[in-house]
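Participant: Here it is, the structure in full.
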Amino acid sequence: MASLQGKRTVRGKIRPPPRKGASEVDYDIHWTTLQNAITTIHEQKAHMLSYEEIYRCGYNLVIHKWGERLYNGVKELIEQYLESEAETKVVPVLGIADTSPAEGVQVLKVMQKLWRHHVTCLLMMSDILVHMDRNYVIANRLPKTYDMGLFLFRDTVIRSPKYPIQSHLQMVLLNQITLERKGDVIDRGAVKSCTEMLLEMNENNGNDPIYIADFENLFIETSREFYRVESDDLVRRFDPPEYMRKVENRLEEEQLRCSHYLTEKTEPKIRLIVEQEMIAKHLQTVMEMENWGLKQLLINSRLGDLDRMYRLFSRVPNGARTLQGGLSEYIRECGKSINANVQASAIDTVEKGVPLGVALALRWVQEVLDLKERFDAFLAKAFAKDKSFETAINSAFESFINLNPKAPEFMSLFIDNKLKKDFKGKSDDEIDTILNKTTTLFRFLSDKDIFERYYKQHLSSRLLHGKSLSDEVERGMISKLKIECGYQFTSKLEGMFTDMRLSTDTMSSFREFLENAVDTPPVELNVTVLTSTFWPVPSTPVSCNLPTQFLAASKVFERFYTSRHNGRKLTWHATMGNVDLRATFNSRKHELNVSTMAAIVLLIFNDIPDGETIPYTTIEQETGLPAEQLKRTLQSVACGKFKILIKEPRSRDIEETDVFKFNSAFSEKLSRIKIQTIASKVETSSELKETHEKVEDARKHMAEAAIVRVMKNRKTLDHNNLVTEVIAQLQGRFNPAPSMIKKRIEALIDREYLERAPGDRAIYNYLA
């Protein structure tokens, strides 16, 4: 055998036989097999089929380019089957729904059975036509067998062009839900199967299920009408608490309904309908209903119903705001009633040792505190500590508190009373709780500078007369005020305590001085040296004629003090002191603690025989006291609880025609008697006017200081921004009016602290 030199040997290859053309495939044989298989599947006899044989038939048709005919053939078969099933099984039961809504569930059950069988058949067909789905369908961007079957069920059964299946299905579903809303028991399983069926099938765009168009939209519309009618009916028949319970039940029912047999995506939509129709449209009606509206719920402290109202109203736009408005209005009504009970011009009739004016002040503050405590409880237990409700409550309190022009004085009197006597026997926690509540009311005051003026007066009285129960509690209260208003607000108050401490040291030195002194005072003297800028002392002392022994004692102290503090000037304020006197009556001797002015008056009677009277005019001439001070002093010793003097004629008021005599027959069990001066009282109208005038003067200085501070820092500033910054600085003390600030700016310009910018009068320059 000859071989070819120089050539590589080529090995042979085994090759498959050439592929037969599509024209050679017997399409009818394979399609007939598949057709019979699909029919058998529909007849629920799939166990009789050979999966391998059927699969290969479908495979062969696809690989030999018969995919289009195969796909259309399967589609036609399914469509014919569904049309037949709709005609023979669904259409006959549609009439039941027309005649008996309760029996309409039969339509749902038939649809449920047909749907489940169809889905099962589609899954089997998808398995045998998997090659068609993976190749022909994907290449031609067609729905897969399963999806195609769903679309066919949608268009052939649900939205059948021949039979009113869609409208009947909608009607039955809505009727079943209406029956359940009215209290009937329905077949939830049948309803759930049909809604799941609608959710499974999508629109042609492939995104939204037909559940929305075929059921949900109509469900929302009919539900709106249902709840519109029901809410109108219920709000007429029931009181607000019961109505709100029914609304709450409806919301819970709809939430459970969506969870059990609709879809959670429907829940927000139906919830919105219930909220709009049953809550939003009846906000004012429910809240303002005469019997058991918001006002009655608050009066009767119905916390559960208030909590329910808060939760329901908070669901709708403006609901919370409407409720806050009603809450604020009720608080203002309560505050108006509290203010109306305060008699600003009440006479100072003493009841149990407390002047009536003070009693009214104490009652006003206590009633406001009680009201605040009630609404704090409402806020915590009914309004979930909602910050917006807290703001509304506080705003209402601030409004009516500041409508009472005596509020700053009343609060100071209340604290004064607590710190003098009411805290006796209370624990530190109880004291702190009361002071915290009072500080909360103080926070609502717009005129904090007026409160400061009264507080200084009352603190001065407590410190100078030793009426305060505890320095620690006093300092604790000042610390709370400092937190609220800053150091400047309390600096003078703290300076008063410093003076008291230094005065104690001064008196220790004075006593040491007296041990070696030749000239000693005729009476025991205890002096408190006050810094005039800290204490609420008048610039000019009240004039009076001190007894000779008082004058002699004061001269001794002056020599001692000036020898140690060169350059300081002492000014004596008799109206701020007190004196211990030993008085002898017919039955026994008593030690009287009285004001210095009362001591001056009583000492006049030492030189008068028993039983002899002294006219008012003589007392006025002897003491040198102003009429107002003298009348108040005589009231305290002749018209109060302890009548050391007898006034003729007997009456409450002191007249210039009155005469007085020493009450030798005075008798009292106590050996030491403290006689209060009729002074711790609510100011009269004239005194109130004087106080406000002084406050206005002080405000002018504060406003000018704030303007200068701002301008010194900014150098140049326009009018509006200057006013804004000044208000921000002063609002912790009072709320200045822009007009007042403008006047102070003009005054500073006149005094050449500021100037207007050339060319623009709305801009100011600071002049160093």
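Participant: Just need a number here: residues in segment 376-387 that are of a type in the set (D, E, K, R) and part of a helix (DSSP H, G or I). Before you say what the answer is, go through the steps one by one.
Facilitator: As a first pass, look at segment 376-387 and keep what is of a type in the set (D, E, K, R): 376, 381, 385-387.
Filter once more, so that each one left must be part of a helix (DSSP H, G or I): 376, 381, 387.
So the count comes out to 3.
Participant: Could you check how many residues of segment 540-549 are free of Cβ contacts under 8 Å to residues at least 60 places away in the same chain and out of contact with any Ser or Thr (no Cβ under 8 Å at 6 or more places or on another chain)?
Facilitator: So in segment 540-549, the residues free of Cβ contacts under 8 Å to residues at least 60 places away in the same chain come out as 540-541, 546-549.
Now narrow it down to the ones that are out of contact with any Ser or Thr (no Cβ under 8 Å at 6 or more places or on another chain): 540, 547-549.
So the answer is 4.
Participant: Any idea how many residues of segment 64-97 are assigned to a helix (DSSP H, G or I) and free of Cβ contacts under 8 Å to residues at least 60 places away in the same chain? Even if it seems obvious, please write down each step before you answer.
Facilitator: At the first step, the residues of segment 64-97 found to be assigned to a helix (DSSP H, G or I) are 67-97.
From the residues that got through so far, the ones that are free of Cβ contacts under 8 Å to residues at least 60 places away in the same chain too are 69, 72-73, 76-77, 80-81, 84, 88-89, 92-93, 95-96.
Count: 14.
Okay, residues lined up against (1) part of a helix (DSSP H, G or I); (2) out of contact with any helix residue (DSSP H, G or I) (no Cβ under 6 Å at 6 or more places or on another chain); (3) exposed (fewer than 14 other Cβ atoms within 10 Å of the Cβ):
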position	(1), (2), (3)
E628	yes, yes, yes
Q635	yes, yes, no
G640	no, yes, no
I646	no, yes, no
F666	no, yes, no
L670	no, yes, yes
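Participant: Filter segment 190-215 down to the residues that are assigned to a helix (DSSP H, G or I) and without any contact (Cβ under 8 Å) to a residue 40 or more places away in the chain and list them by number.
Facilitator: Here is the first cut: in segment 190-215, the ones assigned to a helix (DSSP H, G or I) are 190-200, 210-215.
E196, I212, A213, listed by residue number.
Participant: Let me ask something else. Could you say which residue among S399, S470 is surrounded by fewer than 17 Cβ atoms within 10 Å (Cβ to Cβ) and more than 24 Å from E693 (Cα to Cα)?
Facilitator: S470
Participant: Please report, ordered by residue number, the helices (runs of 4 or more DSSP H) entirely within segment 233-344 with at least 1 residues that are in the same structural domain as N402 (by TED's automatic domain parsing). Quick ask: steps written out before the conclusion?
Facilitator: Details: elements: 240-260, 267-274, 283-288, 294-299, 303-313, 319-340.
It comes to 319-340.
Participant: Mind checking which pairs have a first residue in segment 551-566 that is closer than 17 Å to L525 by Cα and a second that is hydroxyl-bearing (S, T, Y), Cβ under 7 Å, 6 or more apart or different chains?
Facilitator: V556/T520
Participant: For segment 710-762, what are the residues that are crowded, with 16+ Cβ neighbours inside 10 Å, in contact (Cβ under 8 Å) with a residue 40 or more places away in the chain and not in a helix (DSSP H, G or I)?
Facilitator: L717, R733, F734, Y753, L754
Participant: Okay, moving on. Being under 19 Å from S532 (Cα atoms), without any contact (Cβ under 8 Å) to a residue 40 or more places away in the chain and among the aliphatic types (A, V, I, L, M): is that true of L502 here?
Facilitator: Values: under 19 Å from S532 (Cα atoms): yes; without any contact (Cβ under 8 Å) to a residue 40 or more places away in the chain: yes; among the aliphatic types (A, V, I, L, M): yes.
Criteria met by L502.
Participant: Does F215 satisfy the condition of being aromatic (F, W, Y) and out of contact with any Leu (no Cβ under 7 Å at 6 or more places or on another chain)? It would help to see each step written out before you state the result.
Facilitator: Values: aromatic (F, W, Y): yes; out of contact with any Leu (no Cβ under 7 Å at 6 or more places or on another chain): no.
No; evaluated as a whole, the condition is false for this residue.
Participant: Shifting gears a bit: Got a number for residues in segment 586-613 being assigned to a strand (DSSP E or B) and surrounded by 19 or more Cβ atoms within 10 Å (Cβ to Cβ)? Step through it out loud before you land on a result.
Facilitator: The first filter runs over segment 586-613 and keeps only residues assigned to a strand (DSSP E or B), leaving 589-595.
Cutting the leftovers down to surrounded by 19 or more Cβ atoms within 10 Å (Cβ to Cβ) gives us 590, 592, 594-595.
Qualifying residue count, segment 586-613: 4.
Participant: Is there a residue in segment 700-723 that is out of contact with any Phe, Trp or Tyr (no Cβ under 7 Å at 6 or more places or on another chain), modelled with pLDDT under 85, of a type in the set (D, E, K, R) and within 24 Å of Q457 (Cα to Cα)?
Facilitator: Yes, segment 700-723 contains a residue that is out of contact with any Phe, Trp or Tyr (no Cβ under 7 Å at 6 or more places or on another chain), modelled with pLDDT under 85, of a type in the set (D, E, K, R) and within 24 Å of Q457 (Cα to Cα).
Participant: For the subset of segment 556-585 comprising residues that are charged (D, E, K, R) and within 18 Å of V637 (Cβ to Cβ), which member is surrounded by the fewest Cβ atoms within 10 Å (Cβ to Cβ)? It would help to see each step written out before you state the result.
Facilitator: We begin by selecting, within segment 556-585, every residue charged (D, E, K, R); these are 558-559, 564, 568-569, 580, 582.
Retained after the next criterion (residues that are within 18 Å of V637 (Cβ to Cβ)): 580, 582.
Details: D580: 14, R582: 8.
For segment 556-585, the residue satisfying everything is R582.
Participant: Has segment 74-96 got at least one residue that is within 55 Å of the chain's Cα centre (by Cα) and aliphatic (A, V, I, L, M)?
Facilitator: There is no residue in segment 74-96 that is within 55 Å of the chain's Cα centre (by Cα) and aliphatic (A, V, I, L, M).
The values are calculated or read from the model by the stated rules, or taken from the named source; none is laboratory data. This structure is a prediction, so every number in the text was calculated from the model and none was measured. Backbone-built Cβ (ideal geometry, glycine too); neighbour counts: all protein chains shown.
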